[in-house]
1. Give the residues of region 182-197 that are outside any helix (DSSP H, G or I), open to solvent by less than 60 Å² (accessible area, probe 1.4 Å) and more than 16 Å from ligand 1 (Cβ to nearest atom), sorted by residue number.
2. Return the pairs, sorted by first residue and then second, in which the second residue is modelled with pLDDT under 95 and within 6 Å of ligand 1 (Cβ to nearest atom), the first residue lies in region 65-87 and is within 16 Å of Thr97 (Cα to Cα), the beta carbons are less than 7 Å apart, and the residues are 6+ apart or on different chains.
3. For the list (1) within 17 Å of the chain's Cα centre (by Cα); (2) under 28 Å from Val135 (Cα atoms); (3) not hydrophobic (A, V, I, L, M, F, W, C), I need the number of the one condition that Pro201 fails.
4. Could you check region 107-140 and list, in sequence order, the residues that are under 20 Å from Ala187 (Cβ atoms), touching a helix residue (DSSP H, G or I) at 6+ places or on another chain (Cβ under 9 Å) and more than 16 Å from ligand 1 (Cβ to nearest atom)?
5. Within region 198-219, is there a residue that is open to solvent by 40 Å² or more (accessible area, probe 1.4 Å) and touching a Cys at 6+ places or on another chain (Cβ under 9 Å)?
6. If I filter region 78-90 down to residues being open to solvent by 20 Å² or more (accessible area, probe 1.4 Å) and of a type outside the set (Asp, Glu), which single residue comes out as farthest from ligand 1 (Cβ to nearest atom)?
7. Can you tell me which of (1) in contact with a Lys or Arg (Cβ under 9 Å, 6 or more places away or on another chain); (2) open to solvent by 10 Å² or more (accessible area, probe 1.4 Å) is the one Leu75 doesn't meet?
8. Any idea which residue in region 220-252 is farthest from ligand 2 (Cβ to nearest atom), counting only those that are of a type in the set (Val, Ile, Thr) and open to solvent by 10 Å² or more (accessible area, probe 1.4 Å)?
Amino acid sequence: MALSGACRDLTILSVTEAGPEGGAHGCYYIELANPGLGSAVAGQFVMVRPACFGQDPVWPRPFSICRLTPEALTLFVQACGRGTDALCRLRPGDTATVWGPLGQGFSLEPDTPTLMLAGGVGLAPFVEYAATHPVPANLALVFGHRQPLSCYPFAEMAAVVGRAEAFQENTPEDLPRFIALLETKVAEYAGGLILACGPRPFLMTVARLARRFGARAQVSLENRMACGVGGCLGCVEKNALGQYVQTCTQGPVFWVEELQLSEEA
Ligand SMILES: Cc1cc2nc3c(=O)[nH]c(=O)nc-3n(C[C@H](O)[C@H](O)[C@H](O)COP(=O)(O)OP(=O)(O)OC[C@H]3O[C@@H](n4cnc5c(N)ncnc54)[C@H](O)[C@@H]3O)c2cc1C
Ligand code: FES
């Protein structure tokens, strides 16, 4: 892609709480002015370093492209540490250095029934996926979350895709029920295409189920990244042959059979 790795200073257009309870749960949409970024493949990401990072944090932070229009690049960010806290406190007119679009995105097969499995902020890349899919009626979404549903861009997606269901995990007892739901869905879509993004244990469950049902499945990894462009080896993951691959350039989206997906990267 011609624009891959392009580095620009972008102006913040808005930082908005995601729904009425978004602020209380640290969930925000950050809109940056698009100075001419072309199209992106859903699942690609950007590295973001606002001017306010200064000397700490040193490294930029990676975020999925939640939505890219000619006017704006939108990120969906959950504040969970120094970098994301600072990002969510940005104000319109502030600037951030942005690298991207980076990495390999999700496969798109317009006529194939496609199941999107998302956990928490892993919903972000599927907003762009659904918005750019030529036949969104072929898309189904299963979304697992802990914060209130209004803190996520779920309603917008449910209005676009063929089928959408959400599952809130409130107690430890909910986990086996969510895994049972995933099992049913993976079995149902075993002849289609399955895409997943979310925390590592969630992706490991999806990979295990995909292998069991012989499903074609891709997972998007959220490994720690420092440079985002293949220079630091900070993001490596073991492939099926036991060799290390860089998730920033060879991923973050991989076919399940390409990876070992063990507890440790
Ligand atoms: C390809 C990709 C896409 C992502 N997309 C989104 C998204 O759309 N929305 C969103 O809210 N988050 C997303 N993340 C996760 C986000 O990058 C981390 O939450 C963020 O970097 C944490 O930074 P921090 O300084 O706030 O946290 P820290 O205070 O540094 O640490 C808090 C937690 O974040 C993890 N973390 C820290 N730095 C990184 C890093 N550079 N990469 C990955 N994890 C890290 C730590 O392991 C720790 O668990 C994505 C990560 C990747 C790799
Ligand atoms: S983040 Fe530096 S090599 Fe991947």
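The values are calculated or read from the model by the stated rules, or taken from the named source; none is laboratory data. Quick caveat, the model's predicted, so the values are computed rather than measured. Using ideal geometry, Cβ is built from the backbone for each residue, glycine included, and neighbour counts are taken over all protein chains shown. Quick note on the areas: whole protein, heavy atoms, side chains included, nothing else; ligands and nucleic acids left out. Shrake-Rupley method; radii C 1.70, N 1.55, O 1.52, S 1.80 Å.
1. First pass over region 182-197, keeping only residues outside any helix (DSSP H, G or I): 189-197.
Those still in the list that are open to solvent by less than 60 Å² (accessible area, probe 1.4 Å) too: 189-190, 192-197.
Scanning region 182-197 gives Tyr189, Ala190, Gly192, Leu193, Ile194.
2. Gly83/Pro57
3. (2)
4. If we filter region 107-140 for residues that are under 20 Å from Ala187 (Cβ atoms), which is where we start, we get 109, 112-119, 138-140.
Going one step further and asking which of them are touching a helix residue (DSSP H, G or I) at 6+ places or on another chain (Cβ under 9 Å), we end up with 109, 112-119, 139-140.
The answer is Glu109, Thr112, Pro113, Thr114, Leu115, Leu139, Ala140.
5. First, the residues of region 198-219 that are open to solvent by 40 Å² or more (accessible area, probe 1.4 Å): 199-201, 204, 208, 211-214, 216.
Keeping just the survivors that are touching a Cys at 6+ places or on another chain (Cβ under 9 Å) gives none.
Within region 198-219 (the criterion being open to solvent by 40 Å² or more (accessible area, probe 1.4 Å) and touching a Cys at 6+ places or on another chain (Cβ under 9 Å)), the answer is no, since none of the residues qualifies.
6. Here is the first cut: in region 78-90, the ones open to solvent by 20 Å² or more (accessible area, probe 1.4 Å) are 78-82, 85, 89.
Add one more test, that the residue is of a type outside the set (Asp, Glu), and what stays is 78-82, 89.
Values: Gln78: 4, Ala79: 7, Cys80: 5, Gly81: 2, Arg82: 4, Arg89: 12 Å.
The extreme case among them is Arg89.
7. (2)
8. At the first step, the residues of region 220-252 found to be of a type in the set (Val, Ile, Thr) are 229, 236, 245, 247, 249.
From what is left, the residues that are open to solvent by 10 Å² or more (accessible area, probe 1.4 Å) are 229, 236, 245, 249.
Values: Val229: 7, Val236: 7, Val245: 10, Thr249: 7 Å.
The selected residue is Val245.
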